[in-house]
Amino acid sequence: MKTQLLKKMIMVVAFFAMTSASAQLFDFESSKGGWDKEFQMASADLVIEGGRGTLACVRTTNNSTIALAPATATINAKTMNFLKLVIKNTSKSNSIRVKAQTSAATDNTANFNISAEDTEFQTYYFDLRTTTAWTAAQTANSTTEEVKLLFRGNFPTAPAVEGIIYVDSIEFLAAIPATQYSEFIQNPNFEDPTGITQYSGNGATRSISSVGAQAGLQSMKVTFTAAQTSNFWNFSNYKKTYAPGFLTGKTAIVKVWVKTNRTTAAQINVKLKTVDASDAVTANQPQVTQLTTNFTGGWEELTFSLPLLDANVEGITFFLGVNWNDPAAIPDNSAYNAVAGNNFYFDTMSATFSTTLGTAKNTLEGVSVYPNPADDVVNVNSVNGGDITVYSTVGTKVLTAKATASNYQLNVSGLSSGVYLLELVSVGKTSVTKLVIK
């Protein structure tokens, strides 16, 4: 119902925003809008699939075609430069040919790749200016006289059968939507044409999901087909650059909505790759891990606070992942690791900045931690004592204690050599100290 309402809203906006609106958007909610089966397409019928009105197309060969009736094919090639196609392609077809003809050019085509044997709807944006017919029509300021879509490739040899191509909508656009950003996070809602192309990383598969998004129509889905053996990262290739000094004393606050089919907790990582003006990685790379707590398949929002400890940070790149704990090194945490069949969905991400715990309002003053570096015991001096938590550099909680005196001796003999963050919370204020264990 939400998808249908959104489509109707789009139609209303399109009607008032451009001429010949009915020739620009075809949503198959109540009619074919002039589209029908043509060459080697067995059928093209209106059906409901996944709650959406679609044109269900059944191929009989590699070039099975649906065509827009000539009387309707009046797409203004001068202004409509892009084709937006929303389909659930359960067939084996792996490419689509857009065939166009205008009074300014003879029949011409362009080929685009699509995914095959989908289980969910996918959204594609195709640049029609790659076709000679379209560019010729632009020059002549003419309209198209024929538009056809050929679903091509991998048609099975008899007697094998393949699935149906469900066409949810066909829309001709003057421009593709602009990419959205939330500070250093590109496409935070997974609704833009860029999709997840900015992410890379091994260990699981990632895709755009059109089922049950937290908001909007899409989310990012991460699927594990085998037990996790290392950290799974969604490495971003987008870096946000900031003016010198802007990030000094700041804490990045990242919020991510997460959903999983696990019935036990998992650990979600957020890491920031921080660089200086020369693009060299700075000394401290903020990273925090949070536990999932919803075990019924629902969405939950996780918040990550990442202090920027280096004064020379001028660039940030966002990484999002599923944490892995080495069973040999941290056996108690290995139950958090993903296993085959685990799915994680991410949506509605945001990034903001706050002043790092350095203001009188939030910072616990008068705290000292020594010796630092330490071996077995560190002294935590404060006015009133408080709750102590020690975190690893990946944000994992490794030690907790209650400082019952203003001069408290904390036993750290069980910690491996390395760098940690010691947090002391008292009377609603917090102190964070970098702690080095020899």
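Considering only segment 381-392, I want to know if a residue exists there that is surrounded by 14 or more Cβ atoms within 10 Å (Cβ to Cβ), part of a loop (DSSP other than H, G, I, E, B) and at pLDDT 85 or above. Please lay out each step first, then the result.
Within segment 381-392, the subset surrounded by 14 or more Cβ atoms within 10 Å (Cβ to Cβ) is 381-382, 385-386, 388-392.
Add one more test, that the residue is part of a loop (DSSP other than H, G, I, E, B), and what stays is 382, 385.
Checking the rest, the ones that are also at pLDDT 85 or above come to 382, 385.
Within segment 381-392, one or more residues are surrounded by 14 or more Cβ atoms within 10 Å (Cβ to Cβ), part of a loop (DSSP other than H, G, I, E, B) and at pLDDT 85 or above.
If you filter segment 146-164 down to residues that are crowded, with 18+ Cβ neighbours inside 10 Å and assigned to a strand (DSSP E or B), you find that the one that is modelled with the lowest pLDDT is V147.
Kindly evaluate V313 against the criterion of being outside any loop (DSSP other than H, G, I, E, B), crowded, with 18+ Cβ neighbours inside 10 Å and either within 23 Å of the chain's Cα centre (by Cα) or of a type in the set (V, I, T) (or both). For V313, the condition - outside any loop (DSSP other than H, G, I, E, B), crowded, with 18+ Cβ neighbours inside 10 Å and either within 23 Å of the chain's Cα centre (by Cα) or of a type in the set (V, I, T) (or both) - is not met. Applying the criterion of being assigned to a loop (DSSP other than H, G, I, E, B) and modelled with pLDDT of 90 or more to the residues of segment 73-113, the residue that is farthest from C57 (Cα to Cα) is N94.
If you go through segment 232-253 and keep only what is closer than 30 Å to G195 by Cβ and either of a type in the set (V, I, T) or not assigned by TED's automatic domain parsing to the domain that holds G203 (or both), you end up with T241, T251, I253.
Restricting attention to segment 114-133, the residues that are in contact with a strand residue (DSSP E or B) (Cβ under 7 Å, 6 or more places away or on another chain) and modelled with pLDDT of 80 or more total 13.
Being modelled with pLDDT of 90 or more and under 21 Å from the mean Cα position of the chain (by Cα) holds for only one residue in T296, T292, T282, and it is T292.
Regarding Y408, is this residue free of Cβ contacts under 8 Å to residues at least 60 places away in the same chain, aromatic (F, W, Y) and closer than 22 Å to V254 by Cα?
Working: free of Cβ contacts under 8 Å to residues at least 60 places away in the same chain: yes; aromatic (F, W, Y): yes; closer than 22 Å to V254 by Cα: no.
Spelling it out, it is not the case that Y408 is free of Cβ contacts under 8 Å to residues at least 60 places away in the same chain, aromatic (F, W, Y) and closer than 22 Å to V254 by Cα.
Go through the residues of segment 174-195 one by one and say whether even a single one is over 24 Å from the mean Cα position of the chain (by Cα) and either within 30 Å of V254 (Cβ to Cβ) or not in a loop (DSSP other than H, G, I, E, B) (or both). Within segment 174-195, not a single residue is over 24 Å from the mean Cα position of the chain (by Cα) and either within 30 Å of V254 (Cβ to Cβ) or not in a loop (DSSP other than H, G, I, E, B) (or both).
The residue pairs whose first member lies in segment 289-306 and is outside any strand (DSSP E or B), whose second member is of a type in the set (D, E, K, R) and surrounded by 13 or more Cβ atoms within 10 Å (Cβ to Cβ), and whose beta carbons are closer than 6 Å, counting only pairs six or more residues apart or on different chains, are N294/E300; W299/K259.
If you go through segment 345-354 one residue at a time, do you hit one that is at pLDDT 90 or above and farther than 23 Å from E300 by Cβ? Reasoning before the result, please.
Initial filter on segment 345-354 (at pLDDT 90 or above): 345-353.
Those left that are additionally farther than 23 Å from E300 by Cβ: 353.
Scanning segment 345-354, I find at least one residue that is at pLDDT 90 or above and farther than 23 Å from E300 by Cβ, so the answer is yes.
Of G341, G366, G298, G321, all but one fail to be buried (at least 16 other Cβ atoms within 10 Å of the Cβ) and among the small types (G, A, S); the exception is G321. For segment 197-220, the tally of residues that are hydrophobic (A, V, I, L, M, F, W, C), in a loop (DSSP other than H, G, I, E, B) and under 13 Å from E120 (Cβ atoms) stands at 3. Given the conditions (1) surrounded by 12 or more Cβ atoms within 10 Å (Cβ to Cβ); (2) over 18 Å from the mean Cα position of the chain (by Cα), report the number of the one that G245 does not fulfil. The single condition G245 does not satisfy is (1).
Would you point out the residue of segment 407-438, among those that are surrounded by fewer than 14 Cβ atoms within 10 Å (Cβ to Cβ) and among the polar types (S, T, N, Q), that is nearest to W324 (Cα to Cα)? Here the answer is S416.
Quick check on this structure: which one of K259, K240 is crowded, with 18+ Cβ neighbours inside 10 Å and in a strand (DSSP E or B)?
Going through K259, K240 in turn, the sole match is K259.
The values are calculated or read from the model by the stated rules, or taken from the named source; none is laboratory data. Small disclaimer: the values here were computed from a predicted structure and weren't measured. Ideal geometry is used to build each Cβ from the backbone, glycine not excepted, and the neighbour counts take in all protein chains shown.
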